[in-house]
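Colleague: Take this structure, written in structure tokens, and hold onto it; I'll ask about it next.
The values are calculated or read from the model by the stated rules, or taken from the named source; none is laboratory data. The model shown is predicted, which means the values in this text are computed figures rather than measured ones. Positions of Cβ are backbone-derived with ideal geometry, glycine not excepted, and every protein chain shown enters the neighbour counts. Heads up: the accessible areas ignore ligands, DNA and RNA and are worked out on the full protein's heavy atoms, side chains in. Shrake-Rupley method; radii C 1.70, N 1.55, O 1.52, S 1.80 Å.
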Amino acid sequence: MNHIVTVQDAVTAFAPDIEPTDAELDAIDLEMPAILADVDLLDAQITAMDRPANELDTRRIRRARNRALTARRELSNQAATVSVPGGAA
């Protein structure tokens, strides 16, 4: 019979590293416009699920999708222009 054991020691062994680093927080801040645009798109889609589709819901979803795509494009363009230390010039 095999016993199931927990890995509690392995999980809590690195307790000081649980908090996000400054670099991780900066990355989240950089992605925040795209995250918020995705939330708006999900909001529009969820709202449209509760009732029959109408023109207003369709427009709202389309606009939210366009904002999300624009935010993702801008994020991708920003990432492409950031120079990496030690990278080729």
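Colleague: Exactly one condition in (1) open to solvent by 100 Å² or more (accessible area, probe 1.4 Å); (2) modelled with pLDDT of 90 or more is false for residue 34; which is it?
Modeller: Among (1) open to solvent by 100 Å² or more (accessible area, probe 1.4 Å); (2) modelled with pLDDT of 90 or more, residue 34 violates only (1).
Colleague: Taking the criterion of being touching a Pro at 6+ places or on another chain (Cβ under 6 Å) and either at pLDDT 90 or above or surrounded by 10 or more Cβ atoms within 10 Å (Cβ to Cβ) (or both), would at least one residue in region 67-89 satisfy it? Spell out the reasoning first.
Modeller: Quick first cut of region 67-89, residues touching a Pro at 6+ places or on another chain (Cβ under 6 Å) only: 71.
Add one more test, that the residue is either at pLDDT 90 or above or surrounded by 10 or more Cβ atoms within 10 Å (Cβ to Cβ) (or both), and what stays is 71.
Looking for residues that are touching a Pro at 6+ places or on another chain (Cβ under 6 Å) and either at pLDDT 90 or above or surrounded by 10 or more Cβ atoms within 10 Å (Cβ to Cβ) (or both), one finds at least one in region 67-89, hence yes.
Colleague: Looking for whichever is open to solvent by 100 Å² or more (accessible area, probe 1.4 Å) and at pLDDT below 90 here; the options are 17, 29. Which one fits? Before you say what the answer is, go through the steps one by one.
Modeller: Working: 29 fails: at pLDDT below 90.
Result of the check over 17, 29: 17.
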